[in-house]
Every structure is written in structure tokens, then in C-alpha cells.
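A short write-up of the structure that comes next.
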Amino acid sequence: MANHVGNLVWKLRNEKGISQAELSRGILRGMEYSRFERGRKELDKIHLEALFQRLGKSEDKLELAVGMEEYKLLAIRYEIWNLLSVGKVREADEKIEEYQTYADMERPLYKQIVLLFQALRDYITDKDGEKIIFVLEKALEVTFPEWKDIELESVYLCTQEIQVLLLRIYFDTEKEEIQVILKDLFSYIDKRYTDGEERVRVYPQCAWILGKVYLEEQNIGSAFEVCEKGLNCLIENGALSLMKELLELKAECLGQMGKSEERKKIGNQKAAVDFLYKVVGKTYVKEKAIALLQTSRETEIIVLNEVLREMRQNKKISQEQLSENICSQETLSRIESGGRSPNRRNVYAMLQKMGLDRGSYYGSIVADDYALYEKVREYKCCMAKREQDKVKQLKRELEEHLDLENPINKQFIETCQIQEKLREKDPDHEWGISELKRILGYTFKDFDGTIYRVPFREEVVILNQIAFSLRMLGRMDEALDIFEQILLRYRKSVVSNDFHAVSCFLIYVNYTGDLEVYGDLDKAERIGKEGLEIALECQRGDIAGKILANVSCILEKLGTKEDTEMAEKCLRYSYFLLSLYQNKYYEKVIYDTYRKNIFRIRIRIHLNPEQYHMVQYRYRHYMKVHRY
């Protein structure tokens, strides 16, 4: 089979013994789905992600190339949720109408999401439980008409369907019936959603509702167990959504169990979440029904219209030259301006003409085995946590199973190899920069230091590593220029930064830190706060913890009393966040930094030398006892 996304789904479906009809039930017609698996039809993101979700997987491991109209649909969907989360019903209604003008409302998944939004706006406006349940049941019946009369184990549900079902359960007042359905749903997600990246969007939510039900019945042991499972799911994926609610539930369970010391620790973690929202200037979602739909995101989107225009302009090729023998110049002009959805086959032909051989999906690798995409994500997570033994093992496995004739796979593996050498004692960074630029050329043709288009995910990894090596050689101006160029490309793009989440996290953490070292403190503070906003938008608490630590260093250098007080808080709460997410490497770094800096910070705030020595003694004792 040729390499295409339909082949990935086909392979997963067959591994699980699911028929085409079972997987596509309620969302796609049989012939349409069959053509997709054979690579003869491309699906939009909402349908593609639904199929992966019904298989218990996440398509966020792939980068998707979409047309302008499809991107607008995705962006409006998140905008509606954001408006509802802050109670802006009138503006949300306008966006729901706009969504319906872009979407094909004959499609079940589009109908369902609109009904879901309508249920939420009804909840905000009049709190009529019966009316909300009616709308939610109507939404369920769009893709799952037999939901009342069928065992969950016999069907396959996507995340959107589970979210509707969770809300339906949340608004139900029949406690005994709720517990039965919740237990079944909790078991269903536990068994079917094997991909942590997708599981985290529904499992903690189900755990929170079920835990609340158990607690009301005074079944403290079961409430605590379910709560721990939900929290562990969030922690493993660095997610923030419903973290505060689950921490509160756990604290309540611990209180009932008489474990006051453990409960105190949770108080610090919850305070860190509150502080994070305060620093960014955002309000925590108070409406629990809406908070249930708040999920972490790692989506990576490239708009074909933009990539085509950026590459053509860099190559200094006219529209007439590029479109020759493919489409009319007028058609290309309308595609580049965003006024027309591109014929994908024609766009790929034009991209290939300019040296970019990519299709509608890609990631750090290209493979027909989804398990390899999971290994890549695991590899990157272990890299972030400095778990070097696991990193080496996963790299060996990927080297063994990837087709290294493919330039994208070759680029990924060679990046891993170069990074490994650059982590050795006394690394040769000049060699590293030369090699990284060479392999960047596999996909980023004619790279001369100018980032002329939005880079793909793995290209950002390479550019970040180049910047790191430049910094190690003392060439900080060049390193900062790379970060600035990447962010400039993102800002010029129609695609918002939260649709480049993984790449942006990497850039914001390192750019903030490098600007602070360079001494450009005002810019460092601004970039750090931008990064925190995106981390909150994508509900990634682990990333927020790292950026918060960088912001604390910036504020400490600014030196006013107000700044130094805030610096101490940022460092303290970044420690609590990273200890919550069990990042041992960064936890230790921040612990050591706090221990070294706290005395200097406190002197700046209000202490004279005699008071300083007393604080130093007390602080050492406090650290020894509490392991801050």
C-alpha cells in the first residue's frame, strides 16, 4: 500500500478487528470511508480525528496540511468555546452562525458540535436542566441514535461523542442511574483509549464526575482511587484541564481519611494553578459543565495556501511559471490569497515542483505503523525529562524500524544522532551547527539563515538546536535571531500560535531564557508572558511551569521590590507545578535555584544583615523539614 493517512487507519482498524461499518458508523457513508482507506479521498480534520479517536488514538501526532476554509472552521470552533467559557453568549451565538455558514451542516459531526454549543449556551443563559438534557440527547442521536439501548462495549465512540455523553450524565439528577452509566463509561475509556494524548481529553473528566458521585455516597476509598487515576492521566500528559477540580476532590478525600499532611501539599499545588491564571490575567473557568470540555491541545496545523505562497515568493517564481500545466494562473492567485480552497493534488504537484515533497499529513516521521508515531512522542517526552537511558533505547528502536530512504525519517534520525553527540562532554558545536544545517536542507531547501516559511515541527527542533549551539559558542545575536524569525513567521501566519503548540512551547521556553541571559529583560518578560498565555490556551501545566521559572529569573534581575517579590512567587510556584508533573530534572534545577537565590531576593526586599542571617538559618531548617 502507498503511504497515506488512510493506510494508517486501515492498519489500526485491522489490528483491533473492527469492521469499516463499525468504525465509520454515524459519521461517514460506507463508500466514502472505503475510498478514504484506499487513499482516493482525503478527509477534513474533524472526521480524521474522529476516526483515530474511535480507535483510541490521537491524530495530533501528525501535522496536518489544510485549506484556508478548513482552518477557519477549526479556529471558530475553539473561539466559540472560549467565548462560552467567559459567558459571552451573544458573541458566541454570532460565531455559531458563522460556523454554520462554513460547515457542511449535512455532515453529522458538524450538526453534533453545533447542538453541543447550543446546549452550553442554554446552560449559561437559563440553567434549565431538562432543556439542556433534551438538546444533548438530540446531539447524541445524530451519530449514536441507539445510545439508550446499547452496551457501550459494542460500539466505538469519538471524543466529541463522549463529551456529549459526559455532559448528559452531568446534568442528570437520577443518582443511581448516573453511577451505572459512569462506571461503564469510565471502564470503556480505560480499555479503549490506549493513547494518552487522546485519553487525557475525556478520562480525567469522567473520573471527576464519578469521584464526586462516590464522595456524595461517602464511598471515600472509591472516590480517592478514581480521583488518583484522573490526576495521574493529567500528570502523565502535562495537562492542566480540570486539575484544580481533581486536586480539590483529592484534598476532600484526604481530609475524610485524616491525612492532613498530604492534604497540605495539595494546597500548594492548587495555589500554583491559581497563581498561573493570575500571572497571565485570565479567569479560571468557573462553570463546571464548560470546564468539562476544556482539554489540552497539541495540534499542529499548516495552511496549504500560505506554504505555497511563501515558497513561491522565496523561489522568485511567478504564479504563471508555477501553475503551468497544473492549473490556471487565476486559480493559483485565488488560492494564495485564501479566496479559494485548493485542489490538494494540484497543490502537492506545485510544492513538489519547488522541491517540497510532502502530502496532506506528516509528522517528525513518515510511517505506515502508528506505533512508530507513539514511539516518537515517547522519545520526545523522555528527552524533555532528561531520561537518557530511555532516550537511547527508543532511538535504537526507531532507527531499526523506520525507512531511512525517506528524507523526513532520515532527518529525524540524524537529528537524534547529532543531539546525542552534542550532549557528550566537550561537544563540537561548530560541527553540530554545520551538520544540523545540512539535514535541515532535506526539507527546508536553500536554507541560508532566512526562515522564509512557517517551519514544520521537526524543522523547529533542528532550528532550536542550532540556536542552542550558537549560544554555547557565544554567538547569542545569531541564536536570538533564529527564535525571532520563527515567531515572526508565526505572527504573520493566519494560523494562531495555539495551532503550533508543540513548536511554540519549545521556542518560548528557550527564547525567554536566552533573552534573560542576554540582558534584554523587557523583551524577555514580554515573550515569557506570551508563552504562558499559549500554555494556558493549550492547557499545558508542565510547560507553564518551565516558563514561569524563566520569568522568575527575569523579574529577579529587574530588581525593584515589587519585581523581586513576584520573582520569589514565580520560582516557588514553578517548583510546585513541576513537582506536580513529576519532572525530576527541572524540579531539582528549580529547587537548587530557589535555595541559592532566596536569600539575595529577601535582602533586596526588606532585610538588613542581622535579619538576613536569621532568615538564612530559618530557611535552611524549613528546606530540611519540608523539602521545598
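The values are calculated or read from the model by the stated rules, or taken from the named source; none is laboratory data. Fair warning: this is a prediction, and the values are worked out from it, not measured in the lab. Here the Cβ positions follow ideal geometry from the backbone for every residue, glycine too, while neighbour counts run over all protein chains shown. Protein only, heavy atoms only, side chains kept; ligands, DNA and RNA dropped before computing areas. Shrake-Rupley method; radii C 1.70, N 1.55, O 1.52, S 1.80 Å.
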>> Cut-off under 24 Å on the C-alpha distance; same-chain residues fewer than 8 positions from Lys111 excluded. Which lysines are left, in chain and number order?
In response: Lys41, Lys45, Lys57, Lys72, Lys88, Lys95, Lys127, Lys131, Lys138, Lys148, Lys288
> What shape does the stretch 393-437 have by the C-alpha gyration tensor, where a ≥ b ≥ c are the square roots of the eigenvalues, rounded means a/c under 1.5, and otherwise prolate means a/b greater than b/c and oblate the rest?
Replying inline: oblate
> Once you charge only the Cβ atoms, +1 for Lys and Arg and -1 for Asp and Glu, what is the size of the charge dipole of the stretch 234-299 about its Cα centre, to the nearest 20 debye?
Replying inline: 200 debye
> Can you work out the FRET efficiency for the pair Lys127 and Lys264, with r the C-beta to C-beta distance and R0 = 41 Å, to the nearest 0.05?
Replying inline: 0.70
> Listed highest first by mean packing, meaning other Cβ atoms within 10 Å per residue, what order do 71-78, 458-465, 543-550 come in?
Replying inline: 543-550, 458-465, 71-78
> Which length gain, in nm to one decimal place, applies between Tyr284 and Glu106 when the Cα-Cα distance is subtracted from 0.36 nm times their residue separation?
Replying inline: 60.6 nm
>> Using a 7 Å offset from the Cα along the Cα-to-Cβ direction at both Asp274 and Glu400, what is the distance between the two label points in nm, to one decimal?
In response: 5.1 nm
>> Quick one: 3J(HN,Hα) in Hz for the stretch 275-280, Karplus 6.51/-1.76/1.60 with θ = phi - 60°, rounded, Gly and Pro as x.
In response: 5, 4, 5, 5, 4, 6
>> Would the stretch 412-525 count as rounded, prolate or oblate if I go by the C-alpha gyration tensor, calling it rounded below 1.5 in a/c and otherwise prolate when a/b exceeds b/c, oblate otherwise?
In response: oblate
> Taking Cα centroids, how far is the stretch 470-526 from the stretch 157-191 in Å?
Replying inline: 42 Å
> How many nm separate the modelled label positions at Gln417 and Val89, each set 7 Å beyond the Cα in the direction of the Cβ?
Replying inline: 6.2 nm
> Is the shape of the stretch 327-428 best called rounded, prolate or oblate, per the rule: a/c under 1.5 gives rounded, else a/b larger than b/c gives prolate, else oblate, with a ≥ b ≥ c the square roots of the Cα gyration tensor eigenvalues?
Replying inline: prolate
> By how many nm would the segment from Glu248 to Glu146 lengthen if fully extended, with 0.36 nm per residue of separation less the alpha-carbon distance?
Replying inline: 33.1 nm
> Mind checking which lysines have their C-alpha under 16 Å from Lys392, skipping anything on the same chain fewer than 8 residues away?
Replying inline: Lys375, Lys380, Lys421
>> I'd like the FRET efficiency for Thr194 and Asp477, computed as 1/(1 + (r/R0)^6) with the beta carbon distance as r and R0 of 30 Å, rounded to 0.05.
In response: 0.05
>> Just to make sure I understand: if all protein chains stay in place, what is the order of Lys148, Lys16 by accessible area at 1.4 Å, largest first?
In response: Lys148, Lys16
> About its Cα centre, what dipole magnitude does the stretch 1-149 give when the only charges are +1 on Lys and Arg Cβ and -1 on Asp and Glu Cβ, stated in debye to the nearest 20?
Replying inline: 580 debye
> Using only helices, what value at 222 nm comes out for the chain when you add -39,500 (n - 2.57) per DSSP H run of length 4 or more and divide by the total residues, to the nearest 500 deg cm²/dmol?
Replying inline: -22500 deg cm²/dmol
> Between Ile220, Met472, Gly258, whose Cα lies farthest towards the positive end of the dipole of the chain when Lys and Arg beta carbons carry +1 and Asp and Glu beta carbons carry -1, centred on the Cα centre?
Replying inline: Met472
> Can you work out ³J(HN,Hα) from phi for every residue in the stretch 310-321, in order, using Karplus 6.51 cos²θ - 1.76 cosθ + 1.60 and θ = phi - 60°, giving whole Hz and x for Gly and Pro?
Replying inline: 5, 5, 4, 5, 5, 6, 6, 9, 6, 4, 4, 5
>> Suppose R0 equals 22 Å. What FRET efficiency, 1/(1 + (r/R0)^6) with r the Cβ-Cβ distance, do Gln352 and Asp448 give to the nearest 0.05?
In response: 0.50
> How would you order 57-63, 451-457 from highest to lowest mean count of nearby Cβ atoms within 10 Å?
Replying inline: 57-63, 451-457
> What residue among Ile76, Tyr518, Leu185 has its Cα farthest toward the positive end of the dipole of the chain, where the charges are +1 on Lys, Arg and -1 on Asp, Glu, each on the Cβ?
Replying inline: Tyr518
> Taking 0.36 nm per intervening residue step and subtracting the Cα-Cα distance, what contour gain separates Arg35 from Arg526 on full extension?
Replying inline: 171.9 nm
> Of (1) 81, 66, 49; (2) 86, 57, 52; (3) 81, 72, 54, which is the value of Cα extents along the principal axes in Å derived from the coordinates here?
Replying inline: (1)
> Under a point-charge model restricted to the Cβ atoms of Lys and Arg (+1) and Asp and Glu (-1), what is the dipole moment magnitude of the chain relative to its Cα centre, in debye to the nearest 20?
Replying inline: 1420 debye
> Using θ = phi - 60° and the Karplus form 6.51 cos²θ - 1.76 cosθ + 1.60, what ³J(HN,Hα) does each residue of the stretch 255-265 get, whole Hz, x for Gly and Pro?
Replying inline: x, 5, 8, x, 9, 5, 5, 5, 5, 5, 4
